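Sharing a structure with you now.
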Amino acid sequence: MDRRKQYTRKVLKESLMTLLKSKTISSITVKEICKLADINRSTYYAHFANQYELLESIEEEFIEDLVHTLNQYNFSKAEEALQLTEALFEYIALKSEICQTLLSENTDIHFHKKGMDIVQKFVFHHAITDNKLEQETYEYINLFLVSGTIYVIKNWLENGQNKSPKEMAEILHNFTYKGLTNIR
């Protein structure tokens, strides 16, 4: 992709992210995005069909980068999950503005679902599969842990990251691997 197209996509994404801080995706128009980006509508439609496609592009780019970052770690054992969880929180802290916007009520539920898949794959896979649970129990526990983690991350971001990524990883890790009775 040439530099002009890259620039156009970049300003369109930035404009949508700015609008998402105060409006829901369903109330944002292509016209508003174009005005903020100082791009004409025909240029916009050369790249994206609507505001939802633009949002999906932002989400996919974020997810790809996150997965790439987490794949750099070789944590295949449950004992190494704490380091991976800390890496996840460090990444989220680094990208806190985009994370907070994508996890806000102004976007759609698709990003939450994608986030849940990543958290399950990278953080909780060993915690649950190492316990040899029956499938139905596995699914309930997985849903509980993963959806809870997403909302813990969301709350942590909304509270200005009041704990370090290491502290957050330890809280999550201790709850997951040691249970509620062992949390201090």
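Select from region 35-65 the residues that are surrounded by fewer than 16 Cβ atoms within 10 Å (Cβ to Cβ) and in a loop (DSSP other than H, G, I, E, B) and list them in ascending order.
Residues satisfying the conditions are ASP38, ASN40, ALA49, ASN50.
Return yes or no: is SER76 at pLDDT below 95, farther than 18 Å from MET17 by Cβ and of a type in the set (S, T, N, Q)?
Yes: the conditions hold for SER76.
Also, I was wondering about something else. Name every residue in region 2-25 that is hydroxyl-bearing (Ser, Thr, Tyr) and more than 20 Å from the chain's Cα centre (by Cα), in order of residue number.
Result: TYR7, THR8.
Follow-up. Output the residues belonging to region 142-184 that are polar (S, T, N, Q), more than 11 Å from THR85 (Cβ to Cβ) and at pLDDT below 80.
Those that are polar (S, T, N, Q), more than 11 Å from THR85 (Cβ to Cβ) and at pLDDT below 80: ASN142, THR181, ASN182.
With on the phi > 0 side of the Ramachandran plot and of a type in the set (D, E, K, R) as the only criterion, which of ASP38, ASP65, ASP117, ASP2 stands out?
ASP38
The values are calculated or read from the model by the stated rules, or taken from the named source; none is laboratory data. Remember, it's a predicted structure, so these values are computed and weren't measured experimentally. We place every Cβ from the backbone using ideal geometry, glycine too, and count neighbours over all the protein chains shown.
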